[in-house]
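**Student:** The structure under discussion is supplied below as structure tokens; questions concerning it will follow.
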Amino acid sequence: MNVLVINCGSSSLKFQLINSDTEAVLAKGLCERIGIEGSRIVYQPAGGEKETTESPMPSHTQAIQLVLDALVNEKSGVIGSLGEIGAVGHRLVHGGEKFASSTIITDEVIAAVESCNDLAPLHNPANLIGVRACQELMPGVPMVGVFDTAFHQTMPEKAYLYGLPYEYYEKYAVRRYGFHGTSHSYVSKRAAELVGKPYDSLKIIVCHLGNGASVCAVKDGKSVDTSMGLTPLEGLIMGTRSGDVDPGALELIAKKEGMSFEDIMTMVNKKSGVQGMSGISSDFRDLEDAADKGDQAGIRTLEAFNYRVAKYIGAYTAAMNGVDVICFTAGIGENGVSTRADICAYLGYLGVEIDGEANRVRGEEREISAPGSKVKVYCLPTNEELAIARETVALVK
Ligand code: AMP
């Protein structure tokens, strides 16, 4: 079956068409600047050239229509007709406490996701616009929602409750939810396969280090803790997000700078993280270049990033009373050779030993721990689209 995987944001939409039998990507691409002037679609068939076409997309419906047109296009299309799309898998960001697994999308599911909009005001409404546009253009094709939060619904109360008055959890569901669940689930399952032991017998820590970054503790095949919280702002230092910060610091900055709550939220989401700390870039390639040239801002920013990751690994090792496997994934985790080495340098007390030669890997699945290491460490590329396609097929079949 061919599955169209859709990741719909407020002004962009990423897509992949995946043959679920071979797990091959038939075509992929993205629509940018939806609803804004200068919108364009980037489309790439497997083995073919990337095509960029400027085209007006006043709404997501037009964007998805352009995606479907590209997929059946006589010259560069990869299917003969839309009838060859068996199902659509949608990435949905926040399922609150309502969704502990992926689900077939029905009117009731849409209403339940809408009821979580307060928890992810930027993401959930945009995700649902994508769902509705697909329903309009592909009536009768089954759709599945795969939630970023679902994998973490196994966390125990002690891990998800904040040290805040309990009434806010009861009234507004204020708690830790965690994100990147599709990635943490995919990577930890793959790690168990590589180790050759049952998934439900292992203690695994996954470090998803991309522009957004989170760490997850997976014990016996279940997420037991993760660093992102009610929103994707908590935890690690990220590209432009601050991660953990004392709210008192924000009060002080707001008073001194005359900033509103909205200003502060923009600052911690978009102007902080390694970008704000370094004043150089949110991209690790730029930071590494700067650090290599002896730039102090670059050096201290990378050190702070690595230190934060190492602290979370220590915390999650304590939470699970041990760790068997540590995985690095996403843009920085898969490519950041020195980042992986520097983080692991903190973990000697766990018996972690990195093989310097093996660690010189980018974007490939490989064990990077030395033969004598007490903990196995992997560079393990994530594949959220494939994970969404697998979940979709499992529910549709
Ligand atoms: P993601 O959000 O998973 O797409 O990750 C994007 C981030 O990965 C970029 O902002 C970079 O910081 C990082 N990245 C990508 N390629 C490399 C590389 N070759 N070396 C170091 N970092 C990289």
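Values in this text are rule-based calculations from the coordinates and carry no lab data. What you see is a predicted model; the values in this text were computed from it and never measured. All Cβ positions, even for glycine, are placed from backbone atoms using ideal geometry, and neighbour counts span all protein chains on display.
**Student:** Scanning segment 178-208 for residues that are charged (D, E, K, R) and assigned to a helix (DSSP H, G or I), which turns out surrounded by the most Cβ atoms within 10 Å (Cβ to Cβ)?
**Tutor:** R190
**Student:** Quickly run through segment 146-161 and pick out the residues that are aliphatic (A, V, I, L, M) and assigned to a helix (DSSP H, G or I).
**Tutor:** A150, A159
**Student:** Just give me the residues in segment 181-191 being touching a residue at least 60 places away in the same chain (Cβ under 8 Å) and closer than 21 Å to A315 by Cα, in sequence order.
**Tutor:** S183, S185, V187, S188, A191
**Student:** Another one. With a cut-off of at least 1 residues that are away from the ligand (no atom under 16 Å from the Cβ) and not basic (K, R), name the helices (runs of 4 or more DSSP H) lying wholly within segment 209-301.
**Tutor:** 247-257, 261-270
**Student:** Scan segment 342-356 and give yes if some residue there is part of a loop (DSSP other than H, G, I, E, B), crowded, with 17+ Cβ neighbours inside 10 Å and in contact (Cβ under 8 Å) with a residue 40 or more places away in the chain, otherwise no.
**Tutor:** No; the residues of segment 342-356 include none that is part of a loop (DSSP other than H, G, I, E, B), crowded, with 17+ Cβ neighbours inside 10 Å and in contact (Cβ under 8 Å) with a residue 40 or more places away in the chain.
**Student:** Suppose we filter K397, K374 for residues that are loosely packed, with under 15 Cβ neighbours inside 10 Å, of a type outside the set (G, A, S) and over 30 Å from F15 (Cα atoms); which single one remains?
**Tutor:** Sole residue among the options that is loosely packed, with under 15 Cβ neighbours inside 10 Å, of a type outside the set (G, A, S) and over 30 Å from F15 (Cα atoms): K374.
**Student:** Any residue at all in segment 43-57 that is touching a Gly at 6+ places or on another chain (Cβ under 6 Å) and either surrounded by 15 or more Cβ atoms within 10 Å (Cβ to Cβ) or not β-branched (V, I, T) (or both)?
**Tutor:** yes
**Student:** Taking segment 148-159 as the search range and keeping residues that are in contact with a helix residue (DSSP H, G or I) (Cβ under 8 Å, 6 or more places away or on another chain) and not hydrophobic (A, V, I, L, M, F, W, C), which one is surrounded by the fewest Cβ atoms within 10 Å (Cβ to Cβ)?
**Tutor:** Among them, the one singled out is D148.
**Student:** Considering (1) in contact with a helix residue (DSSP H, G or I) (Cβ under 7 Å, 6 or more places away or on another chain); (2) in contact (Cβ under 8 Å) with a residue 24 or more places away in the chain, say which one L66 fails and leave the rest.
**Tutor:** Only one criterion is unmet by L66, namely (1).
**Student:** Could you grab me the full set of residues in segment 332-343 that are within 10 Å of the ligand (Cβ to nearest atom) and of a type in the set (A, V, I, L, M, F, W, C)?
**Tutor:** Passing the criteria: I332, V337.
**Student:** Among the candidates G212, G145, single out the residue that is within 12 Å of the chain's Cα centre (by Cα), crowded, with 17+ Cβ neighbours inside 10 Å and among the small types (G, A, S).
**Tutor:** Result of the check over G212, G145: G212.
**Student:** Scan V146, V131 and give me the residue that is touching a Lys or Arg at 6+ places or on another chain (Cβ under 7 Å) and either within 17 Å of S102 (Cβ to Cβ) or of a type in the set (S, T, N, Q) (or both).
**Tutor:** Exactly one residue qualifies, and that residue is V146.
**Student:** Now, a different point. Considering Q135, Q62, which residue is surrounded by 14 or more Cβ atoms within 10 Å (Cβ to Cβ) and more than 23 Å from V396 (Cα to Cα)?
**Tutor:** Going through Q135, Q62 in turn, the sole match is Q62.
**Student:** Separate question: Would you be able to tell me the number of residues in segment 302-331 that are outside any strand (DSSP E or B) and within 12 Å of the ligand (Cβ to nearest atom)?
**Tutor:** So the answer is 4.
**Student:** Further, regarding this structure: Sort through Y186, Y199 and tell me the only one that's among the hydroxyl-bearing types (S, T, Y), over 18 Å from C344 (Cβ atoms) and within 16 Å of the ligand (Cβ to nearest atom).
**Tutor:** On inspection, the qualifying residue turns out to be Y186.
**Student:** Right, here's the next one. Filter segment 359-395 down to the residues that are under 22 Å from E23 (Cβ atoms), among the β-branched types (V, I, T) and not in a loop (DSSP other than H, G, I, E, B) and list them by number.
**Tutor:** Matches in segment 359-395: I388, T392, V393.
**Student:** State all residues of segment 136-166 that are under 17 Å from T61 (Cα atoms) and free of Cβ contacts under 8 Å to residues at least 24 places away in the same chain; if no residue qualifies, say none.
**Tutor:** Hits for segment 136-166 are P139, G140.
**Student:** From the list L122, L164, pick out the single residue that is in a loop (DSSP other than H, G, I, E, B), over 18 Å from the mean Cα position of the chain (by Cα) and hydrophobic (A, V, I, L, M, F, W, C).
**Tutor:** So the residue among L122, L164 that is in a loop (DSSP other than H, G, I, E, B), over 18 Å from the mean Cα position of the chain (by Cα) and hydrophobic (A, V, I, L, M, F, W, C) is L164.
**Student:** Filter segment 1-52 down to the residues that are polar (S, T, N, Q) and either closer than 29 Å to K397 by Cα or touching an Asp or Glu at 6+ places or on another chain (Cβ under 7 Å) (or both) and list them by number.
**Tutor:** Selection gives N2, N7, S12, Q16, N19, S20, T22, S39, Q44.
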